[in-house]
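Peer 1: I'd like to ask you about the structure that follows.
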Amino acid sequence: MKVVHTVKETRDQVREWRKQGLTVGLVPTMGFLHEGHQSLIAKAVEENDKVVVSVFVNPIQFAPNEDLEAYPRDLEADTRLCEATGADLIFNPEPEEMYAPDFSTHVDMEQVSEQLCGKSRPIHFRGVCTVVSKLFNIVCPDKAYFGQKDAQQLAVIKRMVRDLNFGIEIVGCPIIREEDGLAKSSRNTYLSEEERKAALILSKTIKLGQEMVEAGERDSKKVVDAMIKNIETEPMAKIDYVQAVDAVTCQEIDTLKGEVLVAMAVYIGKTRLIDNFIATVD
Ligand code: PAF
């Protein structure tokens, strides 16, 4: 497996594979890879002849008050995980390789990016759409893989691919959890021992919401209110949002019908964690 740092090296390698008639899968990541990422890479390896993993902490999707500097990085461990999982190439550019000093073109999205995380992170999806567009143009994959844990991001990318005719198949992969239920996330490393225990309120609350929907509750306010009440039992938790939305448009809904996404962002201490469930409701 190769690790490259430039757009040119990545393009040259992909061109070589294309000459041989091989298919290419892309797994975009910000590194510090865990079993969640590994499941995306494994799926990509299963479905493509060659797999590129991008490892890039994208500065333009972080607001100035967010954790860009603190975001964990470990390229050596990432390389080991990618190699063991069967990836063929890591693209690990420096920010200067991706963004010229006078970089001035962004991909902006309305509607899907406005609720949920878009409310408290107003520039986030502009940064995500811009970097993912660049990665799509650099790698030109047949398929690209994203985790369901970032359910709004997945919906945003699907909409962007449709709207801008990228001609890439977007594959969403299920949330991978720790044994006790906490959704895997690179940001879990920020948690102290006490916070790690408190963070279980997220997955417990997801389970509660899921059970209410399974039991037939269709009033989204009732589900969201019960989830909020449950989170409030944890003194270390501070709610950013709990919302029920249409899973495709990410617009708020009163009645749970069709494919629905119930998502939350909760601070445990200074760490902002997200979790969600998707249900198909008659
Ligand atoms: O989900 C992530 O890790 C990032 O948002 C992504 C898609 C790699 C873009 O930087």
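The values are calculated or read from the model by the stated rules, or taken from the named source; none is laboratory data. Here the structure is a predicted model, which is why all the values come from computation and not from measurement. In this analysis, Cβ positions are derived from the backbone assuming ideal geometry, glycine residues included, and neighbour counts consider all displayed protein chains. Areas reflect the complete protein model, heavy atoms only, side chains present, ligands, DNA and RNA absent. Shrake-Rupley method; radii C 1.70, N 1.55, O 1.52, S 1.80 Å.
Peer 1: So what is the relative contact order for segment 99-216, in percent, with contacts set as C-alpha pairs under 8 Å and at least six apart?
Peer 2: Contact order relative to length: 19 percent.
Peer 1: Give the angle, between 0 and 90 degrees and rounded to the nearest 10, that separates the Cα long axis of helix 35-47 from the longest principal axis of the Cα atoms of the chain.
Peer 2: 50 degrees
Peer 1: First compute the accessible area of the chain with a 1.4 Å probe, then give the percent of it belonging to carbon and sulfur atoms.
Peer 2: Within the chain, the accessible surface is 49 percent carbon and sulfur.
Peer 1: I would also like to ask the following. Using a 7 Å offset from Cα along Cα-Cβ at ASN65, what residues in segment 260-275 end up with backbone N under 16 Å from the label point?
Peer 2: What the label zone holds, given the 16 Å backbone N cut-off, is 266-273.
Peer 1: Turning to a different aspect of this structure: How large is ³J(HN,Hα) for each residue in segment 56-61, as worked out from phi by the Karplus curve 6.51 cos²θ - 1.76 cosθ + 1.60 (θ = phi - 60°), to whole Hz, x for Gly and Pro?
Peer 2: Coupling constants for segment 56-61: 7, 7, 7, x, 7, 9 Hz.
Peer 1: Within segment 31-67, list the residues whose amide N lies under 16 Å from a label point set 7 Å along Cα→Cβ of HIS5.
Peer 2: 55-57
Peer 1: Then there is this: If amide H atoms are built 1.01 Å from N in the plane of the peptide, which residues on other chains or at least 5 residues away come under 5 Å of the amide H of VAL281?
Peer 2: Here GLY258, GLU259, VAL260 satisfy the definition.
Peer 1: Round to the nearest 10 and give me the degree value, 0 to 90, for the angle of helix 151-163's Cα axis relative to the longest principal axis of the chain.
Peer 2: Helix 151-163 sits at roughly 50 degrees to that axis.
Peer 1: Okay, next question. In angstroms, what radius of gyration and Dmax does the chain have, counting Cα atoms only?
Peer 2: Every Cα atom of the chain included, Rg and Dmax give 19.0, 59 Å.
Peer 1: Can you work out the accessible area per residue across the chain, with the rest of the protein chains kept in place, probe 1.4 Å, in square angstrom?
Peer 2: Normalised by residue count, the accessible surface of the chain is 48 Å².
Peer 1: To the nearest 10 degrees, how steep is helix 200-214 against the longest Cα principal axis of the chain, on a 0 to 90 scale?
Peer 2: 70 degrees
Peer 1: Residue by residue, what Karplus-based ³J(HN,Hα) values in Hz, rounded to whole numbers, does segment 125-138 have, using 6.51, -1.76 and 1.60 with θ = phi - 60° and x for Gly and Pro?
Peer 2: So the Karplus estimates, Gly and Pro as x, are 6, 5, x, 5, 4, 5, 5, 5, 4, 4, 5, 4, 6, 6 Hz.
Peer 1: Let me ask you something else. Per residue of the chain, what 222 nm ellipticity follows from adding -39500 (n - 2.57) for every DSSP H run with n ≥ 4, rounded to the nearest 500?
Peer 2: -11500 deg cm²/dmol
Peer 1: Next question. Take the Cα coordinates of segment 72-228, assign each an equal point scatterer, and use the Debye formula without solvent to give log10 I(q)/I(0) at q = 0.12, 0.19, 0.21 Å⁻¹.
Peer 2: Values, matching the q order: -0.73, -1.47, -1.52.
Peer 1: Taking amide H atoms as placed 1.01 Å from N in the peptide plane, list the residues 5 or more away in sequence, or in a different chain, whose amide H sits under 5 Å from that of MET236.
Peer 2: none
Peer 1: For the chain, what relative contact order do you get, as a whole percent, if you take Cα pairs closer than 8 Å and at least 6 residues apart?
Peer 2: 17 percent
Peer 1: Non-local amide H neighbours of VAL51 (under 5 Å, H modeled in plane, Pro and chain starts lacking H): which ones?
Peer 2: When sequence neighbours closer than 5 places are left aside, the close amide H contacts are GLY25, ASP88, LEU89.
Peer 1: If you don't mind, another one. Show me, for segment 221-233, the HN-Hα J-couplings you get by feeding each phi into the Karplus relation (A = 6.51, B = -1.76, C = 1.60, θ = phi - 60°), rounded to Hz, glycine and proline as x.
Peer 2: Each residue of segment 221-233 in turn: 4, 5, 5, 5, 4, 5, 5, 4, 4, 5, 5, 5, 6 Hz.
Peer 1: Right, next: Hey, for a label at TYR241 modelled as a point 7 Å past Cα toward Cβ, could you say which residues of segment 105-120 have their backbone N under 14 Å away?
Peer 2: In segment 105-120, the label zone of TYR241 (backbone N under 14 Å from the point 7 Å along Cα→Cβ) covers 110-120.
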